[in-house]
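The values are calculated or read from the model by the stated rules, or taken from the named source; none is laboratory data. Predicted, not measured: the structure shown is a model, and the values here were computed from it. Using ideal geometry, Cβ is built from the backbone for each residue, glycine included, and neighbour counts are taken over all protein chains shown.
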Amino acid sequence: MGPGERSLKRLIVTADDFGASMAVNEAVEIAWRDGILTATSLMAGAPAADDAVRRAKSMEGLGIGLHVVVVRGQSVLSPDEIGAIVDRNGHFDRNLVRAGFRYFFCPAARRALRAEIRAQFEAFAATGLALDHVNAHNHMHLHPTVLSLILDIGRDFGLRAVRLPYDGRSILLRPWLWLLKRRLRRAGIVHNDRLAGLAETGSMDRHSMIAILESLPDGTTEIMTHPATGDWEGREDDAEGYRFADELAALTDNVVVAAADASGARRCAFTGIA
């Protein structure tokens, strides 16, 4: 959790990919109005980002964060500006390992990456929304180069909180998570203690949600979701089979809401732990 208390039980429920499509934006609004959603993460360069911002401005109290996209998505800057990391259509590499090596070893790629991440922060700032938190698409802020740039650039935009993608079971990621926690602590950035929903990505139904809520530990737990009112054209290939509508139904389910109330956790956005 970083600076601050650890004993208080807090619950952050986040919808990622805000702005990816109208179906996602509609679901975020419904889950905020009728369910347990407390935060969402905006993709600044996504096709429906403008609609997402318009909706966000009417949802007072919903924490809006920046979902930094540096793989499997669309850039904010043009290919002429950052050709070292995108194709001619402005699409980032879909291969996370290949992109990770390029970002670490190629100076031209790192320069382009810095420019693009700053452009995404600037695009978010231009909306006038308060920055609740930052995370990255496909958890790419676990990459040391991406994390360094987010922390460095984020200082200029009031960055105060970052997602820690740790579910207590990610043995192979523990060295990267240790490094991430250490660097966040040194930068004075707060974070959640654990992230529920990693193993259930794309299939966070009511049963999964209830099981998580009935066993919430002390500290700050974030539940990651990907709700939408239905499937949509243009989604990523790796999202094939995601149960978007089931995730929305879980967020608004009466039993889930009751389980959240009974958990004893204070529901909040990331500003609630800052």
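Points to keep in mind about this one:
- Inter-residue pairs, beta-carbon under 9 Å, first more than 16 Å from N138 (Cα to Cα) and in segment 162-176, second modelled with pLDDT of 75 or more and not in a loop (DSSP other than H, G, I, E, B), 6+ apart: G168/R194
- Residue, surrounded by the most Cβ atoms within 10 Å (Cβ to Cβ), within segment 58-85, restricted to residues that are small (G, A, S), in contact with a strand residue (DSSP E or B) (Cβ under 7 Å, 6 or more places away or on another chain) and part of a loop (DSSP other than H, G, I, E, B): S75
- Members of segment 101-125 that are surrounded by 19 or more Cβ atoms within 10 Å (Cβ to Cβ) and among the aromatic types (F, W, Y): Y103, F121, F124
- Filter pass, R88 being assigned to a helix (DSSP H, G or I) and either surrounded by 21 or more Cβ atoms within 10 Å (Cβ to Cβ) or basic (K, R) (or both): no
- So A44, is it without any contact (Cβ under 8 Å) to a residue 40 or more places away in the chain and of a type in the set (G, A, S): no
- Unique residue being under 18 Å from the mean Cα position of the chain (by Cα) and either of a type in the set (D, E, K, R) or exposed (fewer than 14 other Cβ atoms within 10 Å of the Cβ) (or both) when the list is R194, R169: R194
- Scanning segment 213-227 for residues that are more than 26 Å from D17 (Cβ to Cβ) and in contact with a helix residue (DSSP H, G or I) (Cβ under 7 Å, 6 or more places away or on another chain) returns a single hit, E214.
- Subset of segment 11-57 that is of a type in the set (D, E) and in contact with a strand residue (DSSP E or B) (Cβ under 8 Å, 6 or more places away or on another chain) - its residue that is surrounded by the fewest Cβ atoms within 10 Å (Cβ to Cβ): D16
- Yes/no for R206 being at pLDDT 90 or above, surrounded by fewer than 19 Cβ atoms within 10 Å (Cβ to Cβ) and in contact with a Pro (Cβ under 9 Å, 6 or more places away or on another chain): no
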